[in-house]
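Colleague: The structure's right below; bear with me while I get my questions together.
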Amino acid sequence: MANSRLEILKQLAHALAVQFGDCCEIVIHDLKNTLNHSIVYIENGQLTGRKVGDPPSQVVLDAIRNSDRIQSDQLAYLTKTDTGRIFKSSTVYIRDDDGALHYILGINYDITALLTLESSLHSLTACSGSAVDYAGSPRRITTDVSQLLDQLIEQAVELVGVPAPLMKKEEKIRAINYLNDAGAFLITKSGDKVAKYFGISKYTLYSYVDINK
């Protein structure tokens with residue numbers, strides 16, 4: 001059943017890619033595959049530089065971490081790449097017959113050129129004010145797990161608002177629990193990197209996670 005479900009998803013992914021053209025990336029993640037290589041199918045991967053065998057994005061980590069609480073798909077939100085391209089994205093959760101989350105179908109439509117055109121049109125028609133700004137903060141699409149972990153650490157530091165070397169114990173606990181909630185420790189050997197970044201031992205790291213349990 002799982003294989004037939006994957007084949008149907010691949011068929012759908014190909015149809016969507018043909019329908020919307022080379023500005024639309026369609027990607028399938030297998031959450032029961034090795035986490036560091038969750039992508040099992042992709043169309044127009046040149047848009048983000050990803051390929052089959054690449055790791056998950058932060059959206060996928062969030063899904064794994066919160067699979068029991070996810071009630072509905074995430075539709076029409078913004079993501080971005082390190083090169084500055086902006087996508088209108090949707091995430092569709094595919095479950096097995098027993099309700100377990102198995103696949104994720106991701107749709108990423110490149111709207112960078114459309115935003116530029118929108119901004120140009122706005123500057124022509126507006127009587128005052130600045131160029132149009134898109135709502136929300138786009139999530140970055142990463143291409144490897146090390147980059148994803150760096151992104152999560154950066155978000156944790158921004159949340160606390162204090163550079164890691166200057167953080168007090170309570171601030172480190174807050175940052176590390178953010179990383180835990182974001183699924184950072186699902187990434188292989190992430191504990192070593194996080195502990196080194198915050199200047200603590202791995203034992204202390206995991207004791208900080210336990211504090212808020």
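Colleague: Considering only region 20-49, state which residues are within 16 Å of Y103 (Cβ to Cβ) and free of Cβ contacts under 8 Å to residues at least 12 places away in the same chain.
Modeller: N33, T34
Colleague: Looking at K213 and the list (1) in a loop (DSSP other than H, G, I, E, B); (2) modelled with pLDDT of 90 or more; (3) not aliphatic (A, V, I, L, M), which single condition is not satisfied?
Modeller: Of the numbered conditions (1) in a loop (DSSP other than H, G, I, E, B); (2) modelled with pLDDT of 90 or more; (3) not aliphatic (A, V, I, L, M), the odd one out for K213 is (2).
Colleague: In addition: Identify the residue in region 159-210 that is in a loop (DSSP other than H, G, I, E, B) and among the hydroxyl-bearing types (S, T, Y) and, among all such residues, is modelled with the highest pLDDT.
Modeller: By that ranking, first place goes to S201.
Colleague: If you don't mind, another one. Could you check V18 against (1) touching a Pro at 6+ places or on another chain (Cβ under 7 Å); (2) surrounded by fewer than 18 Cβ atoms within 10 Å (Cβ to Cβ); (3) of a type in the set (A, V, I, L, M); (4) over 13 Å from I141 (Cα atoms) and say which number it fails?
Modeller: The single condition V18 does not satisfy is (1).
Results for (1) in contact with a Cys (Cβ under 6 Å, 6 or more places away or on another chain); (2) outside any strand (DSSP E or B); (3) touching a residue at least 40 places away in the same chain (Cβ under 8 Å), shown as yes or no for each residue.
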position: A13; (1), (2), (3): no, yes, yes
position: V18; (1), (2), (3): no, yes, no
position: K51; (1), (2), (3): no, yes, no
position: D68; (1), (2), (3): no, yes, no
position: G84; (1), (2), (3): no, yes, no
position: F87; (1), (2), (3): no, no, yes
position: H102; (1), (2), (3): no, no, yes
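The values are calculated or read from the model by the stated rules, or taken from the named source; none is laboratory data. Bear in mind that the values here come from a model prediction, so they are computed numbers and not experimental data. Every residue, glycine as well, gets a Cβ built from its backbone with ideal geometry; the counts of neighbours run over all protein chains shown.
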